[in-house]
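What follows is one structure encoded as structure tokens, with my remarks underneath.
What follows draws every value from the coordinates through simple rules; no lab data is involved. Small disclaimer: the values here were computed from a predicted structure and weren't measured. Neighbour counts are summed over all protein chains in view; Cβ atoms, including those assigned to glycine, are modelled from backbone coordinates with ideal geometry.
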Protein chains: 2
Amino acid sequence: MQYTFAERIKNVKPSAIREILKAVAQNPEIISFATGSPSTESIPVDEIHEISEHIFRTMAIPSLQYSITEGYPPLRDKIKERLKDVFNIGQDFDEVIITTGGQQGLEMTPKIFCNPGDTVLMENPTFVSGINAFKSLEANVVGIEMDNEGIDLEKLENTLKTHSNVKLLYLIPTFQNPSGSTMSYSRRKNVYSLCHKYNVIILEDNPYGELRFRGENIPPIKAIDTEGIVIYNGSFSKILSAGMRIGFICAPSQIIQRLVIAKQVADCHTNVFFQIVTEQFLSHYDVDAHVEKIRNIYRERCDLMLKVMNTSFDKSVSYKRPDGGLFLWCTLPQEADSMQLAKLAVTHNVAFVPGCCFMVDDTKPCASFRLNYSTPSREDITCGISQLGQAIDEYLKKENRR
Amino acid sequence: MQYTFAERIKNVKPSAIREILKAVAQNPEIISFATGSPSTESIPVDEIHEISEHIFRTMAIPSLQYSITEGYPPLRDKIKERLKDVFNIGQDFDEVIITTGGQQGLEMTPKIFCNPGDTVLMENPTFVSGINAFKSLEANVVGIEMDNEGIDLEKLENTLKTHSNVKLLYLIPTFQNPSGSTMSYSRRKNVYSLCHKYNVIILEDNPYGELRFRGENIPPIKAIDTEGIVIYNGSFSKILSAGMRIGFICAPSQIIQRLVIAKQVADCHTNVFFQIVTEQFLSHYDVDAHVEKIRNIYRERCDLMLKVMNTSFDKSVSYKRPDGGLFLWCTLPQEADSMQLAKLAVTHNVAFVPGCCFMVDDTKPCASFRLNYSTPSREDITCGISQLGQAIDEYLKKENRR
């Protein structure tokens, strides 16, 4: 049979990262800086095991039976508490819903806000599965460039002026994926004012927010949200376990009510057992010490990567030292195409994700690329970055000959 | 701020069942026949505990780390095997994807097939969260009545003739929710031929398919799908655990490829730990014996309920003896409104779901209602059904006085 698929799904291509990861999976020789996975050392396996034992002993049936769509109430309470403690987030009008990983929030939010053709603005580059989630709900996605302080204010306001039906602004203000950069506090306030002025909801995605390993904390935009225009999308994937798929949204309760309806039809509710695991971890373990341990690992890996890059990369390659998160963003000289470098790098047994993959328009060549330092070992960082340096040299030589 | 939500979500009302369940939750005196939950005895807690121990000992990290969207490969293989063994399902062109519970299949299928305004046909009454999933993707939902053998063939063909853009036919052929009825084999074949003729995809939902406790097995429609027009939606919620949210879809690989894209943006992948739990259960335990145990529980509960109904219900109330599944469908005399009875029943400390909740047009009164026999204890069935009998008497007396 010839299948005729919906337009909304025709616009979404499988992520190029997936294809690169498949190539990596087929060749164990390749050192990969291409994933977005947390370090395996960041997963508190023994604690999760201990908690699981406790659940099987004391509340096995409720952990394995149907539950409510909003999520396990004690977990929702714990999240509200922690959001208040860590980020000073949470107004009286705010409520929390548990999601099946941070990704679910990126699909449900446009689902409840965007009619087909409505516009969603976002940083360019940004998280690919964010772009694809918006596209899959027939939103018109518009990317806005960033400068040193974050999303460009002037370009943002121009776009808000010229587009009549902008519903959402999607932002990853802290340790952005893929750029690794963090929006300044003054920029956050200005972006908030602008969105308030133009009646646009901000979807603030903060999966890496707790992973600062140097510099001063900057409050999330949600912390200044007195007007109820910010939807805060959180996740336990980077501090507890990504495989368990536990995320959450904190937003005004009117919005949460609609998200509950969207979630009811999406997957009924999130895995109950791991909702309880997460609640127990937050209640009975030293989360701050655990997060501190992850930060130390990432600081060390990031600094090692920067050190090897400094000696191995051609001086024409630029990059910024990240203050946290999982990613380092590198830029080749103008006119370069990092996709070509990625293909060459695979022959040097190194993989990374070229910048075009993170662009709203992914058809144009892009000189930048993303390196992940959370997954590879110290040895792989040393060895792989030096191999990548050689690939860069070869690429630049070829390009100059043309 | 005044929020403006998308049209698609405005059309979806929170399920009335939820509201009834909330009332039940607030009054422990109420005996509830309103849920759709499996019996707690149906959950193999000790086995799941044992498997979890094994996972923590031998593959903790992969069970808690990111994984692939398609699902844990050994689980997909086991499901293909079991579908073949139990139902003779699976052509060369078919593939399997793991979903976050059966519900996810009901949202992703219209998402990849239906443009806004495209039509989805379904049995009337049917599963509420199915109806809502299709509505939430802007499909035009059309309900088709059933007769003793299942969905009405003539009405189905008339609708196929008069609607130009019918994309999907949603069916629960076996132990349907809410009617408890099972489509005959000849009707299945005729429905299949009709859909093939009109180029309509069948979404066959089979969450209760293994729960037959009397009568002869009837093959699923997917078992006769030589043309690749049937999407089979399965779930482990009724034979293993509902809280773990593990379901699957078996469909032609071209369709699975699109579902992978839809799932990537929906929740990245399903909880890995419980995918492994499910695989291990299928591989190393006696699933058939476990299913047989559940069947025996449900047969006994169903027969007890029928027995008490026989002595407690007014003779004007009709019902059919189910051959499996979780539900009994009762019908009051014509012109009666089961919603009124539901409200009266709560004052008699009994709850059930009135039939209108399962109708595509839920605004009209409905004489039928659904009783669940999988959750309540023997004592609650005896006591609750007799209380419901009294509520019915009171309701009928009132109605006759009018």
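Structural remarks
- Gaussian network model of chain A, springs between alpha carbon atoms under 10 Å - residue of A:LYS320, A:LYS161, A:LYS222 with greatest fluctuation: A:LYS161
- About the centre of its Cα atoms, the protein assembly as shown shows a dipole size close to 1040 debye [charges on the beta carbon of Lys, Arg (+1) and Asp, Glu (-1) only; nearest 20 debye].
- Of the GluC sites (Glu not before Pro) in segment B:27-89, those whose Cβ has at most 10 other Cβ within 10 Å and which sit in DSSP loop: B:GLU29
- Teacher prompt: A:ASP46 distances to equivalent labels in other copies, 7 Å Cα→Cβ, nm: 3.1
- Residues A:ARG245, B:ARG299, B:ARG57, arranged from fewest to most other Cβ atoms within 10 angstrom of their Cβ, appear as B:ARG57, B:ARG299, A:ARG245.
- Stokes-Einstein diffusion for chain A at 25 °C, viscosity 0.890 mPa s, with a Kirkwood radius from C-alpha pairs, works out to 111 µm²/s.
- Förster-model FRET efficiency, 35 Å R0, B:GLN257 and A:VAL45, C-beta, rounded to 0.05: 0.55
- For segment A:312-402, convex hull volume per residue from C-alpha positions, Å³: 102
- Label-to-label distance, nm, for residues given as B:GLU292 and A:GLU53 (7 Å Cα→Cβ offset): 3.6
- Residue of chain B whose Cβ sits closest to the axis mapping B onto A, with distance in whole Å: B:ASN271, 2
- Taking segment A:46-284 and dividing mean pair separation by its residue count, relative contact order in percent (alpha carbons under 8 Å, at least six apart): 31
- 11 Å reach of a label modelled at A:ALA25, 7 Å along Cα-to-Cβ, counting backbone N of segment A:85-118: none
- Across A:LYS222/A:LYS263; B:LYS78/B:LYS155; B:LYS238/B:LYS307; A:LYS80/A:LYS263; A:LYS84/B:LYS135; A:LYS155/A:LYS364, pairs whose alpha-carbon gap is larger than 30 Å: B:LYS78/B:LYS155; A:LYS84/B:LYS135
- Antiparallel bridges, percent of DSSP beta bridges restricted to the protein assembly as shown (to nearest 5): 55
- Of all DSSP bridge pairs formed entirely within segment B:62-286, close to 40 percent run antiparallel.
- Förster-model FRET efficiency, 22 Å R0, A:ASP77 and A:TYR285, C-beta, rounded to 0.05: 0.85
- With R₀ set to 45 Å, the beta-carbon distance separating A:GLU154 from B:ILE61 gives a calculated FRET efficiency near 0.45.
- Segment A:311-381 and segment B:203-257 have Cα centres separated by 44 Å.
- Comparing B:ASP362, B:ASP286, B:ASP303 in a Gaussian network model of chain B, where Cα atoms under 10 Å apart are tied by springs, the biggest mean-square fluctuation is seen for B:ASP286.
- Exposure proxy ranking for B:CYS356, A:CYS302, based on other Cβ atoms within 10 angstrom of each Cβ and starting from the fewest, stands as B:CYS356, A:CYS302.
- Listed residue (A:PHE33, A:ILE20, A:GLN103) projecting farthest to the positive dipole end of segment A:1-139, Cβ model: A:ILE20
- Under Stokes-Einstein, with the Kirkwood radius over Cα pairs as Rh, the value for segment A:46-284 at 37 °C and 0.692 mPa s is 180 µm²/s.
- Per-residue HN-Hα couplings for segment B:230-246 [Karplus 6.51, -1.76, 1.60; θ = phi - 60°; Hz; x = Gly/Pro]: 10, 9, 9, 9, x, 7, 9, 5, 9, 10, 10, 6, 7, x, 6, 6, 10
- A simple spin-label model places the labels of A:ASN400 and A:GLN334 1.8 nm from each other, with each point 7 Å out along Cα-to-Cβ.
- Kirkwood-based shape ratio for the protein assembly as shown, expressed as Rg/Rh from alpha carbons: 0.99
- Counted by neighbouring Cβ atoms within 10 Å, the residues A:VAL291, A:VAL260, A:VAL120 run from fewest to most as A:VAL291, A:VAL260, A:VAL120.
- Here's the picture: charge each Lys and Arg Cβ at +1 and each Asp and Glu Cβ at -1 in segment A:140-199, and of A:CYS195, A:THR174, A:LEU156 the one pushed furthest to the positive end of that dipole is A:CYS195.
- Considering only B:MET244, B:GLY234, B:PRO62, and ranking their Cα positions along the charge dipole of segment B:62-286 that arises from unit charges at the beta-carbon of Lys, Arg, Asp and Glu, the one farthest toward the positive end is B:PRO62.
- In segment B:167-249, GluC sites (Glu not before Pro) in a DSSP loop with at most 12 other beta-carbon atoms within 10 Å: B:GLU216
- nm² value of the averaged projected area, convex hull over the Cα atoms of segment A:153-218: 4.8
- For B:ARG214, the distances from its label point to the matching points in the remaining copies are 7.6 nm, ordered from shortest, with each point set 7 Å beyond Cα toward Cβ.
- Projecting 7 Å from Cα along the Cα-to-Cβ direction, the label point of B:ASP314 sits 8.8 nm from its equivalents in the other copies, listed shortest first.
- Membrane-span-like helices in chain A, defined here as complete DSSP H runs extending at least 15 Å along the helix axis by their C-alpha atoms with mean Kyte-Doolittle hydropathy no lower than 0.0, are A:16-26, A:253-267, A:272-284; this is a sequence and geometry rule, not a statement about a membrane.
- Expected 222 nm ellipticity per residue - DSSP helices of 4 or more, -39500 (n - 2.57), all of chain A, to 500: -14000 deg cm²/dmol
- Considering only B:ASN11, B:ASN165, B:ASN296, the Gaussian network model of chain B with Cα springs below 10 Å gives its largest mean-square fluctuation to B:ASN11.
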